[in-house]
Amino acid sequence: MRVLDRLDELYAIGGGSRLAYTPEEDAAHELAAGWMREAGLEVSRDEAGNLFGRRGEARVWSGSHLDTVPDGGRFDGALGVVAAVEAAERLGDAQLAVVAFRAEESGPMGSRRLTEHPEAFLELHIEQGPTLERLGEPLAVVTGIVGQARGSVSFEGRAAHAGTTPMEERADALVEAAEFVLRVRNSARDGARATVGALEVEPGAANVVPARATASVDVRAPTAEQLDAVIEAIGFEPAWRQEPIAMTGAPLDALRAVLPGAPELVSGAGHDAMVLAAAGVPTAMLFVRSLNGGISHSPDELSAGEDVELAVDALTAALERLVRTVDE
Ligand SMILES: [Zn+2]
């Protein structure tokens, strides 16, 4: 299958390490530009170095990114570009553009530096998680990208001798923090996630009752209401917050029409699609099953050839519909 061969060709550049704005990412863009020309697309680049292959007015775009994390996998990003080229070639004279964004993994993201926007955007991406593998389903329609809040909470106690201070006379900051960690975990329901990933203990000595403990908090949820509810249940003041982004409009309708009954997921990771949606472009995403437990950002990243085939078929059918809808 040509899509898989092309993913191998990209992977051969830098052995899975194609960092943003390096000669490896440049080489991947050169390769993709050649495939775009072969597919009958007109190649151009913008100031950020984003690569476009256009046919006609091209008010509908599809694509992803060609950069990777260090020692990344074959599929993350690359699949979305290669599949869109394939779809564009199959669709013959449909007016659309394939886009390869720069620097998705490390920023400054090329998709944040666009000087023009399409009327609709569709991104095919691997799931990068275990849900589809567990469901036994090859593809999913993505309905949104989670919102996120981060902060930290400190607990004050009183430093004291671990041997001579009676248990009932202690003010142990870490014991309070430990109860808080459990509360954080129990506050995440209905697809929300809440994590304490870091704890700082002062003075941090084995023979001293802790005087101060600080816990980090990371909360993610599919809707703003859920995010608010989890933050309230935990009882902390976020220092940073990003609102959830909904996939909407004609792109979402097109995916649902070509994949009736497919599972619908909310992405726990950010993507170029998030940037376009936040800029007001009607946007949707199609996920293809990740194998090996959903591992990604690793050479073990894997999706099956037959799943990729189904994904390319679905992307092609959805783009065909979308181009028709946008032209109406
Ligand atoms: Zn990606």
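The values are calculated or read from the model by the stated rules, or taken from the named source; none is laboratory data. Given the structure is predicted, the values throughout are model-derived calculations rather than measurements. We place every Cβ from the backbone using ideal geometry, glycine too, and count neighbours over all the protein chains shown. Accessible surface areas use protein heavy atoms only, side chains included; no ligands, DNA or RNA. Shrake-Rupley method; radii C 1.70, N 1.55, O 1.52, S 1.80 Å.
The apolar share of the surface of segment 206-318, taken as the fraction of accessible area on carbon and sulfur atoms (1.4 Å probe, ligands and nucleic acids excluded), comes to 54 percent. Think of segment 194-328 as having a plus end and a minus end, set by charges on the Cβ of Lys, Arg, Asp and Glu; of Val196, Ala257, Met274, Val196 sits farthest toward the positive end of this dipole. On segment 60-117, 43 percent of the accessible area sits on carbon and sulfur atoms, based on a 1.4 Å probe.
Taking every DSSP beta bridge that has both residues in the chain, what percent is antiparallel when rounded to the nearest 5?
Numbers: 36 of 54 bridges.
Counting only bridges with both partners in the chain, antiparallel ones make up about 65 percent.
Tell me the mean residue ellipticity at 222 nm calculated for the chain from its helices only (DSSP H runs of n ≥ 4, each -39500 (n - 2.57), averaged over every residue, nearest 500). Provide the component values of the computation, followed by the final result.
Working: 9 runs with 111 residues, N = 328.
Helices in the chain give a 222 nm mean residue ellipticity of -10500 deg cm²/dmol.
Angle of helix 2-12 to the longest C-alpha principal axis of the chain, folded into 0 to 90 degrees and rounded to 10: 60°. Basic side chains Lys and Arg get +1 at the Cβ, acidic Asp and Glu get -1 at the Cβ, and with that the dipole of the chain about its Cα centre reaches some 380 debye. Considering only alpha-carbon pairs that sit under 8 angstrom and 6 or more positions apart, the relative contact order computed for segment 182-228 is 37 percent. Spacing of the modelled spin labels on Ser17 and Arg256, each 7 Å from Cα toward Cβ, amounts to 4.5 nm. Suppose every K and R has +1 on its Cβ and every D and E has -1 on its Cβ; what is the size of the dipole of segment 144-232 about the Cα centre, in Debye to the nearest 20? Dipole about the Cα centre, nearest 20: 260 debye. For the chain, the square roots of the Cα gyration tensor eigenvalues, ordered a ≥ b ≥ c, give a/c of at least 1.5 with a/b greater than b/c, which places it in the prolate category. The distance separating the Cα centre of segment 11-88 from that of segment 205-236 comes to 40 Å. Pairwise Cα separations in segment 72-134 fall into 10 Å bins from 0 onward with the following percentages, short to long: 18, 44, 31, 7, 0. In the context of the full set of protein chains, the chain has a per residue accessible area of 44 Å² (1.4 Å probe). Couplings 3J(HN,Hα) of segment 297-302, computed from phi: 6, 7, x, 7, 3, 8 Hz, in residue order, whole Hz [Karplus 6.51 cos²θ - 1.76 cosθ + 1.60, θ = phi - 60°; x for Gly and Pro].
In debye to the nearest 20, how big a dipole does segment 154-299 give about its Cα centre with +1 on each Lys and Arg Cβ and -1 on each Asp and Glu Cβ?
Values: 11 positive and 18 negative charges, 98 e Å.
The calculation lands at about 480 debye.
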